[in-house]
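For reference, the structure is listed below as structure tokens.
Values quoted throughout were computed directly from the atomic coordinates according to the rules given, and no laboratory measurement underlies them. Since the structure is predicted, the reported quantities are computational estimates derived from the model, not experimental observations. Backbone-built Cβ (ideal geometry, glycine too); neighbour counts: all protein chains shown.
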Amino acid sequence: MSLITNGFLRTLYNEAQSGTYEHTSISFWGYLLSKVYFAEDRFYVDAQKPASPNDPLRRVDEQVKYFEHGTLKTRILCFHEGKKPGANTDDMRIVEGQAFEACATYCDSAGITHVYALTTIGIFARTWKYSHDTRKLTPHFGSAGLMNRAAYVDADSTHAAQLDQSFRHMKQFPPSEVAEPQQPGHYVYATGSG
């Protein structure tokens with residue numbers, strides 16, 4: 001299943017594929033995120049913003065944000081860090097490290113259970129979940145581990161269905177606040193799934 005579903009996406013995809021600069025691929029992914037997967041009113045895509053107030057000088061390429069149900073408080077759903085097409089192994093290490101730092105900083109400052117990340121190298125992408133408990137980035141698909149170029153999926157391939165599923169999963173299971181520590185003798189029992 002290709003994620004390229006219209007002429008606008010095709011144009012941006014082709015520019016990102018042939019471009020030699022990071023900004024062409026960021027434009028492609030930004031359009032895909034804001035116009036296709038997170039086009040509802042409760043979502044918006046922000047660019048070049050800090051991950052948290054604790055690190056205001058460090059900017060993230062893009063953030064998918066949402067208005068929390070019931071409070072209308074804005075939260076970050078997903079960080080996007082990208083590199084230019086043809087990036088080398090060092091660039092992959094950097095982009096995945098940037099995503100990890102953004103997720104860790106945000107979870108610590110916002111007091112939430114998890115947040116998602118999208119790392120891209122040109123037209124290739126990988127999605128992740130950062131868990132506050134484990135302090136790790138876990139891939140949504142592909143073999144485990146960082147810096148695995150083969151796990152990155154082309155947005156115009158049949159494997160892009162994995163990206164589609166990841167974006168849908170993010171919307172279905174947004175971050176939530178970390179539970180408050182319980183008093184001795186008091187217990188909270190969870191119901192349902194998450």
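Below are the figures for this structure:
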| quantity | calculated |
| --- | --- |
| Which labelled figure in (1) 29, 18, 16; (2) 48, 16, 11; (3) 79, 31, 16 is semi-axes √(5λ) of the Cα gyration tensor in Å, once derived from the coordinates | (1) |
| Neighbour-count order for THR119, THR113, fewest beta carbons within 10 angstrom listed first | THR113, THR119 |
| Highest to lowest packing among 18-27, 60-69, scored as the average C-beta count within 10 Å | 60-69, 18-27 |
| Computed lengthening from LYS35 to THR89, 0.36 nm per intervening residue step minus Cα-Cα distance | 16.4 nm |
| Selected from LEU163, LEU32, LEU146 as most flexible by GNM, with the chain as the system and alpha-carbon contacts under 10 Å | LEU146 |
| For ILE121, residues with placed amide H under 5 Å, excluding near neighbours | LYS83 |
| Flagged links, alpha-carbon separation over 21 Å, of LYS49/LYS73; LYS84/LYS171; LYS73/LYS171; LYS35/LYS136 | LYS84/LYS171; LYS35/LYS136 |
